[in-house]
Each structure stands twice: as structure tokens, then as C-alpha cells.
Ligand code: BGC
């Protein structure tokens, strides 16, 4: 080999070495970045872990807090609000009633005809509208006027279409208002605080029924608010209408909450109220439950502190549809800050609530082999370009961990209620003797439970894990479609005549 040939060969070898070194360096760096992302994932999994042991601690804490909330006003973060609903519909109700349901993302109006004898009610659907975002932070007058004008439109349309409801003297309305309300009777109450992103300050401590009643008078609508209820109470009413074993109701949608029927002697904070040994439905406002056993991550803490209601609704912020998507977004943002596995940091990842929970359900349940739905959502919503399959799988895993934790905590909450009312099959009085397990129906409503099958699956799994298969087989979770809307009309029909207050 001549000098030139030798030089060329040496040059090529050097270039090959340099390329190899560069490639090796890249591979090492990319492995290091991947390891950082995996570390974020592992930390998330660790902190979100909900072993059955931890869930049982949550069950016990829930039952203890329920006792405390019933013992005294302000005795617990669980408000355990009296509802003045002391009888649940039994199917004998008759007449025509209106229902108005204001709770989260939507608002709707409906009319229900009841014919007694547990006959199926006739439901005249339903004007359903999204609540304009600016109304959520406007004034009480704006909100009540808006709702009233929709209600009036609905009633006018019906009257024009020749429906015979106009012969009813004064129309009776059940109002489902799905926020914490301190009831003063079955048909009136004061708003304690807002949740789920609403923030109309002049309405707090105001009388909710009066606000609507004023707008109805202004708009010439001759209607009376005969019942003011929480959505969980409506769900319980519909559950009980169909199946008298229904004693608990849970809503898991934009927000989350539960109610149940409590014995009079257990409601210590308001003993003067009860003249009979009956009882009353208690609106727990469980979204505000807090326990040191809740597996909270730095993402939850940050989400809470940036929310309009810091330190409130901690349980809700770990479970409900309003928040799950935003927890996932925060994890993806952190991963993207730690490394460039998602490409350059997308500004969209810093936009609060951009990743809504239905989107994480869609990614989580993407069953295509190449996770095309995940790609699409990352691209369309978060403006993240094409990422390798292993990164898409990681995104699915984040959705899974966050959703599974929420569903399992909701299950622990339900078992906590069953424990409080002696329906969890555990021994009573400190002995080991099992009490006879009665069939217990839990009515459930809310899009997170009804539309997100993985959430539902994880919740069921956890109920069985905590209760054991035998006991769990006595507990039936029944979906109550439209429970919150129809329930208000049913309760307007069944409205207790009692005007007692506490
Ligand atoms: C409210 C509850 C309601 C639940 C479900 C929570 O944010 O505080 O009153 O029942 O959402 O809609």
C-alpha cells in the first residue's frame, strides 16, 4: 500500500471511529434520558400505590370521619349534611313534576309523569345544555336568570305542543343543585361553598331556592321549588324507587360525592329534630374527605394549591373527572422537562385542564397495536410530534396508574360507608362473629363510572379485594341513569311536609 492509500485508510478508520463514538454517545445520552423518565414513572407508581392494606386504612378513616361529622357541626372535613329527606320514593307517587339539574358541565330540564303502583315513569326529555364557562364565575342573578329562561322555554314549548300540564295549578319543581348546601328544609338551603370550578361569590351563604324563585317571578313562571336536593340524593331516590334495598348512592362524574340513609339516633348533632325513630338521608360531601392514608403525589399537591379551592375537596381531586386528566398532564409535563422523549417541550403541556379526562380514557383504552389514538391525542391536543411506541406505552401507563388509584380510592370510600352502616360483613361489638349479610344496593351515577370501563373495572376489583368475594357478592352496584335529574322530580313528589330545621 502506497502512502496515499495508507493515508486514506487511516482517515476512513478515524472517521468510522468518530461516527461510532458519536452514535455511542447519543445512545448513552438517550438511555440516560429514558432512565430519568422511567424514574419519574417509578416514583409515580410507588406514591400512587393502593395496596389492599392501605385501602383498608382509608375504609376505617372514612367510617371514623363519618361518625365525627355526625357528632358535631364542623367535627370533620366530612360535612355529613342533613337533607330533610326522611322518606324515599316507593313507587306510589302520582302527578306531573319538573326536574332541573345543575351540577357540573351540563344543565338540564325534564318533566316526569308518575302514575303510582311503581309503574315506569314517563320522562319527557330533556333540554340539555352545557353551562357557559363565563356563567360559572358570574353573579347569582345571572346564573338563576339563565337557568330560569331555559326552564321557561321548555315549559312554553310543552304548553304550545298541547301537553295537558297547564291544567296543573302550580307547577312543582325539584331542583338538583350539586354543591354543598346546608339545608334549612327539604326545599331550601344555603350554599356553603362552590366546587368543580364554579366561583360565584355573591351566592355563597345565599338561599339557592330563593335565588331561582326570584328569577321565576321576574320571568312570569308560576312554579314552586318543592324540593332542593343534591345529585347523590336524587340518585338514591331513583335507586330506591326501583329497588328498596338501595341504601347508598354515589356520583362519580365531574365531581364526586355520596349519600346514604342514616338512623336518627346516629345523627347526634341534631337530635332535637327527630320526633320519630326514623332517620334521614345524609349528604356526606365525601369529596372533602381527607386522611393521612391517602396516597398523594407532588402532582396532587401542586394541582390543589393552584386550584380556586386549595385544601378543599382533596378526595375529589384524586378521583373525579374534573381532575384526573390534569394530574396526567402534570406527570407528562414533568417527564418532558426531565428529558426530550416527547421532543421539544410543548407549551400546551403547561396549559391547565387542556387534557380532559375523556381524552385520558380514550388513550388508556386505545387497543390498536400501534396506539394510534394516543398519537393522535398527543398531537392534536398537546402538539407533541410523532413519538416512538415505547413512549406512547409510557403515556398509557401514566393514565393507568392515575385512573386505577382514583377508582380504588372510590371503592374504599364505598366500603367505608358500608362499614359505618354495618353492611360490610365485619363483626360488630368487637367480637369475631359475622353479622348476617343483607343484600345491599349502591346506586351509582356519573360519567366517569358509566363511560370509563377501566375505571369501573378497577373499582369493582378493589371492592372485591377489600370485602372478599363472599361479602362482595351481596353488594350490588347499580347504574341509575339520569338519577340526579329524575330524582329531583321524584322527591318533589314525595316532598316531606316537615318544615323543621336544625
Ligand atoms: C359537590 C357535590 C356533588 C358532587 C358530584 C361535588 O363537587 O360538592 O355536592 O354531589 O360534586 O356532582
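Taken over segment 280-300, residues that are more than 16 Å from the chain's Cα centre (by Cα) and within 16 Å of the ligand (Cβ to nearest atom) amount to 2. Within segment 63-100, the set of residues being at pLDDT below 90 and within 16 Å of the ligand (Cβ to nearest atom) is empty. Going by the structure shown, is residue 354 on the phi < 0 side of the Ramachandran plot and buried (at least 22 other Cβ atoms within 10 Å of the Cβ)? In short, no.
Mind listing just one residue for me: the one in segment 177-197 that is buried (at least 22 other Cβ atoms within 10 Å of the Cβ) and within 9 Å of the ligand (Cβ to nearest atom) and, of those, farthest from the chain's Cα centre (by Cα)? That would be 181.
Elements of the type helices (runs of 4 or more DSSP H) sitting completely within segment 320-431 and holding at least 1 residues that are away from the ligand (no atom under 16 Å from the Cβ), within 19 Å of residue 256 (Cα to Cα) and within 27 Å of the chain's Cα centre (by Cα): these cover 321-338, 357-364, 389-420.
If you check residue 252 against the conditions, is it over 26 Å from residue 96 (Cα atoms) and out of contact with any helix residue (DSSP H, G or I) (no Cβ under 7 Å at 6 or more places or on another chain)? Give the steps one after another, and end with the answer.
Working: over 26 Å from residue 96 (Cα atoms): yes; out of contact with any helix residue (DSSP H, G or I) (no Cβ under 7 Å at 6 or more places or on another chain): no.
When the stated conditions are applied, residue 252 does not pass them.
Taken together, 303, 228 contain a single residue that is surrounded by 24 or more Cβ atoms within 10 Å (Cβ to Cβ) and without any contact (Cβ under 8 Å) to a residue 60 or more places away in the chain, which is 228. Beta carbons closer than 6 Å, at least 6 apart along the sequence or on distinct chains, pair a first residue in segment 238-263 that is closer than 17 Å to residue 440 by Cβ with a second that is near the ligand (Cβ under 8 Å from one of its atoms) and outside any strand (DSSP E or B) for 249/232; 258/232; 259/232. Within segment 194-210, at least one residue is at positive phi and in contact (Cβ under 8 Å) with a residue 24 or more places away in the chain. Selection of segment 150-164 for residues being in a helix (DSSP H, G or I) and surrounded by fewer than 18 Cβ atoms within 10 Å (Cβ to Cβ) yields 150, 152, 153, 156, 157, 158, 159, 160, 164. Is there a residue in segment 463-483 that is closer than 29 Å to residue 170 by Cβ and part of a helix (DSSP H, G or I)? Yes: segment 463-483 contains one or more residues that are closer than 29 Å to residue 170 by Cβ and part of a helix (DSSP H, G or I).
Anything in segment 101-127 that is within 16 Å of the ligand (Cβ to nearest atom) and touching a helix residue (DSSP H, G or I) at 6+ places or on another chain (Cβ under 9 Å)? List them, or say none. Before the answer, list the steps.
From segment 101-127, those within 16 Å of the ligand (Cβ to nearest atom) are 101-108; that's our starting set.
Within segment 101-127, 101, 102, 103, 104, 105, 107, 108 meet the criteria.
Would it be correct to say that residue 173 is in a helix (DSSP H, G or I) and more than 15 Å from the ligand (Cβ to nearest atom)? Answer is no for this residue.
In segment 157-166, is there at least one residue being touching a strand residue (DSSP E or B) at 6+ places or on another chain (Cβ under 6 Å), within 16 Å of the ligand (Cβ to nearest atom) and over 30 Å from residue 306 (Cα atoms)?
Here is the first cut: in segment 157-166, the residues touching a strand residue (DSSP E or B) at 6+ places or on another chain (Cβ under 6 Å) are 165.
The next check asks that each one be within 16 Å of the ligand (Cβ to nearest atom); those that pass are none.
No, because not a single residue in segment 157-166 is touching a strand residue (DSSP E or B) at 6+ places or on another chain (Cβ under 6 Å), within 16 Å of the ligand (Cβ to nearest atom) and over 30 Å from residue 306 (Cα atoms).
In segment 219-238, which residues are outside any loop (DSSP other than H, G, I, E, B), out of contact with any helix residue (DSSP H, G or I) (no Cβ under 7 Å at 6 or more places or on another chain) and either away from the ligand (no atom under 14 Å from the Cβ) or on the phi > 0 side of the Ramachandran plot (or both)? The answer is 224, and nothing else. When residue 211 is tested against the conditions (1) part of a strand (DSSP E or B); (2) more than 16 Å from the ligand (Cβ to nearest atom); (3) buried (at least 21 other Cβ atoms within 10 Å of the Cβ), the lone failure is (1). Only a single criterion out of (1) within 16 Å of the ligand (Cβ to nearest atom); (2) in contact (Cβ under 8 Å) with a residue 40 or more places away in the chain is not satisfied by residue 311, namely (2). Restricting attention to segment 245-279, the residues being away from the ligand (no atom under 16 Å from the Cβ), part of a loop (DSSP other than H, G, I, E, B) and touching a strand residue (DSSP E or B) at 6+ places or on another chain (Cβ under 9 Å) number 5.
The values are calculated or read from the model by the stated rules, or taken from the named source; none is laboratory data. Just so it is clear, the structure is predicted and the values come from calculations on it, not from any experiment. Glycine gets a Cβ as well: all are built from the backbone with ideal geometry, and neighbour counts include every protein chain shown.
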